[in-house]
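Here's the structure, in structure tokens; my notes come after.
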Amino acid sequence: MTSNELRKNFLDFFKENDHSVSPSASLIPEGDTSVLFNTAGMQPFKRFYLEPDLAPGARVTTSQKCIRTGDILEVGDNTHLTFFEMLGNFSFGYPAKQGSYFKKEAIEFAWKFLTEVLAVKPSRIYATYFAGDENISEDSESLAILKTIKDLHKIVPQGAEDNFWSLGTENSPGGPTVEFYIDNVEIWNLVFNEYIYQNGKYVPSQLKGVDTGMGFERLLASLNNFDNVYETDLLSPIISKIKEVAGSFHPFHEKDFRIIADHLKAALFLLNEGVLPANKDQGYIVRRLIRRAIIKLNGLGVRENVLKEIAQTVFTIYTGVYDFSIYTVLPELEKEEVRFRVTLASGLKLLQSKKVLTGQDLFDLYQSYGLPLEVSLEEAKNHHINIEENALDSYNELFKSHQELSRTASAGMFKGGLVGQSEQTTKYHTATHLLLAALRQVLGDGIHQKGANITDERIRFDFSYAEKMTPEQIQQVEDLVNEKIKADLQVSMQEMRLEDAQNCGAMGDFATKYGETVKVYSIGNYSTTEPPFSREICGGPHITNTGILGHFKIIKEESSSAGVRRIKAILE
Ligand code: SER
């Protein structure tokens with residue numbers, strides 16, 4: 001059976017049973033910030049359990065797009081996926097609302113659909129129900145209904161962990177469940193919402209409802225006797241394309257093929273809904289998915305940008321089902337791939353040069369090279385690199401204080417001139433330090449910074465100098481900065497007392513009121529007698545090695561005000 005046939009069979013069956021068919025809601029919950037993504041078919045409908053009159057009808061059915069990221073490290077096994085569809089039938093406002101139904105109908109619909117419409121042999125199926133616990137009594141009603149099904153050979157009682165479903169948020173519906181398994185794989189979860197979660201307790205609700213959810217990809221695999229979801233027509237064409245692009249068909253790489261296929265597909269669906277790669281919230285998930293896929297491709301020896309080509313297979317799979325805005329999705333995908341591949345090799349080189357990774361290393365790998373935490377941990381494991389005890393705690397602390405710094409920066413309260421926090425901005429920030437040091441070497445020690453404005457596209461830098469720079473001087477400054485980039489100098493940071501920072505010749509904006517201790521960033525090696533190429537008091541953040549900056553170019557030199565010149569420069 002194909003995916004399109006199965007989706008249609010499901011929706012048609014419930015349509016014939018008086019359900020209205022609703023299109024899938026967006027992956028991003030509307031008007032609900034309690035979750036980043038829709039993770040279940042009922043999510044867009046949750047208020048209808050409390051206010052059934054708002055529902056489009058007493059009976060609704062959907063195939064809902066879902067994203068779950070909690071199990072991201074399990075992706076690649078036989079059943080876990082980041083993006084999946086959930087087939088569901090729903091009933092609201094039972095018993096008051098006309099046409100609503102509850103346990104009996106829901107269980108009978110499920111059994112009929114599985115055994116008659118899909119013709120799954122009853123011997124492959126068993127069911128579970130809620131056995132009760134100290135707070136909530138056994139769902140004896142469901143047990144009695146299940147017992148009336150002649151061919152159902154096995155009914156298993158289970159605890160709340162398996163057979164009680166709730167979102168766990170205030171005023172959300174919840175209740176006992178009946179689950180159907182095929183060949184021992186959980187396929188369909190029937191939730192009977194007869195409680196409301198209020199003040200930490202489940203309170204019986206007047207109006208009850210049904211929420212069922214069936215994993216579309218899992219069911220499709222079972223029906224076709226595949227032992228994993230990647231063999232279904234929803235994933236296998238992507239895997240074939242990855243094999244072709246990578247030139248590798250080795251079973252040893254099977255898990256990597258699966259992860260790339262899963263992550264790329266999930267990222268495409270999110271990009272299609274306008275979620276762009278970013279450093280927080282949904283955008284960060286897209287970024288992680290794309291980057292993890294690229295790292296796996298890189299591990300397979302694929303060094304070129306290939307995601308756009310593989311993406312075409314995803315669009316083909318969903319032709320006529322979901323529309324993709326290809327002309328906006330593909331450029332965004334490509335941009336992220338190009339951007340990440342530039343730093344990936346240096347990041348992996350740095351990682352592999354370590355014997356032990358500290359929290360600071362993990363943070364630098366994330367901040368300067370764009371390696372998401374779980375990617376660094378995975379790579380470390382592959383290369384037998386130890387993780388220092390407490391590294392995760394210190395990573396989290398650094399991450400948090402970096403976020404606070406960025407917040408201050410974007411509130412315009414940060415004195416270092418750095419507003420914004422993208423990796424590109426961070427690179428420009430380090431390049432600005434190189435520029436000041438180069439200007440001082442070429443034009444003399446009288447040069448001081450008078451202002452800086454950095455975006456992720458350019459530097460605008462003001463400095464004290466009375467004359468127009470000659471073309472030769474501009475060239476010399478540019479060459480010197482590029483020489484320091486090529487030398488791949490290390491950028492290091494030390495915290496020290498302000499007085500010590502001034503004594504060791506650190507540049508600073510002395511109109512700024514610094515605290516008692518300051519951060520001093522040095523670029524290049526130094527000793528007690530030999531200063532580094534650049535040394536500045538600065539809040540950061542910075543990249544860790546200059547080698548990744550690319551090529552530095554001064555695009556304009558002009559007057560800013562009396563005695564102050566202005567340079568605009570880019571990294572290319
Ligand atoms: N809400 C339940 C689940 O996600 C059934 O749809 O499993």
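The values are calculated or read from the model by the stated rules, or taken from the named source; none is laboratory data. For clarity, every value in this text was computed on a predicted model and none was experimentally measured. All Cβ positions, even for glycine, are placed from backbone atoms using ideal geometry, and neighbour counts span all protein chains on display.
Confirm whether residue 82 is within 14 Å of the ligand (Cβ to nearest atom), in contact with a Lys or Arg (Cβ under 8 Å, 6 or more places away or on another chain) and not hydrophobic (A, V, I, L, M, F, W, C). Considered against the rule, which asks whether it is within 14 Å of the ligand (Cβ to nearest atom), in contact with a Lys or Arg (Cβ under 8 Å, 6 or more places away or on another chain) and not hydrophobic (A, V, I, L, M, F, W, C), residue 82 comes out as no.
Candidates are the residues of region 28-37 that are touching a residue at least 24 places away in the same chain (Cβ under 8 Å) and out of contact with any helix residue (DSSP H, G or I) (no Cβ under 6 Å at 6 or more places or on another chain); the one that is surrounded by the most Cβ atoms within 10 Å (Cβ to Cβ) is 37. Do we find that residue 72 is within 13 Å of the ligand (Cβ to nearest atom) and not aromatic (Phe, Trp, Tyr) in this structure? No, not satisfied.
Quick grid of which residues meet (1) of a type in the set (Phe, Trp, Tyr); (2) part of a strand (DSSP E or B):
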position	(1), (2)
41	no, no
60	no, yes
64	no, yes
79	no, no
93	no, yes
101	yes, no
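Limited to region 505-529, what total is found for residues that are at pLDDT 80 or above and among the charged types (D, E, K, R)? The qualifying residues number 1. Flag set for residue 495, criterion: part of a strand (DSSP E or B), loosely packed, with under 14 Cβ neighbours inside 10 Å, under 37 Å from the mean Cα position of the chain (by Cα) and modelled with pLDDT under 90. Of all residues assigned to region 350-363, none qualifies as being within 17 Å of residue 294 (Cα to Cα) and aromatic (Phe, Trp, Tyr).
Listed by first and then second residue, the pairs linking a residue in region 1-19 that is surrounded by fewer than 16 Cβ atoms within 10 Å (Cβ to Cβ) to a residue that is of a type in the set (Gly, Ala, Ser), with Cβ atoms under 9 Å apart and 6 or more places separating them unless they lie on different chains, are 4/320; 18/57; 18/58; 18/99. Given the criteria part of a loop (DSSP other than H, G, I, E, B), at pLDDT 95 or above and out of contact with any strand residue (DSSP E or B) (no Cβ under 7 Å at 6 or more places or on another chain), does residue 23 qualify? Judged against the criteria, residue 23 is a match.
For residue 100, the requirement of being crowded, with 19+ Cβ neighbours inside 10 Å, away from the ligand (no atom under 16 Å from the Cβ) and among the polar types (S, T, N, Q) is met. Of the helices (runs of 4 or more DSSP H) lying entirely inside region 130-224, not one is found with 2 or more residues being β-branched (Val, Ile, Thr) and within 15 Å of the ligand (Cβ to nearest atom). Within region 455-473, the residues that satisfy the criterion of being surrounded by 13 or more Cβ atoms within 10 Å (Cβ to Cβ) and in contact with a helix residue (DSSP H, G or I) (Cβ under 9 Å, 6 or more places away or on another chain) are 455, 456, 458, 459, 461, 463, 465, 469, 473. Scanning region 52-93 for residues that are among the aromatic types (Phe, Trp, Tyr) and surrounded by fewer than 23 Cβ atoms within 10 Å (Cβ to Cβ) turns up just one, 84. Within the set 85, 105, the sole residue that is of a type in the set (D, E, K, R), touching a residue at least 12 places away in the same chain (Cβ under 8 Å), farther than 14 Å from residue 214 by Cα and not in a loop (DSSP other than H, G, I, E, B) turns out to be 105. Here residue 542 clears all of (1) more than 23 Å from residue 341 (Cβ to Cβ); (2) part of a loop (DSSP other than H, G, I, E, B) except the condition numbered (1). I want to confirm something. Restricting to region 347-375 and keeping residues that are polar (S, T, N, Q) and either free of Cβ contacts under 8 Å to residues at least 12 places away in the same chain or assigned to a helix (DSSP H, G or I) (or both), which single residue is surrounded by the most Cβ atoms within 10 Å (Cβ to Cβ)? Of everything passing the filter in region 347-375, 368 is surrounded by the most Cβ atoms within 10 Å (Cβ to Cβ).
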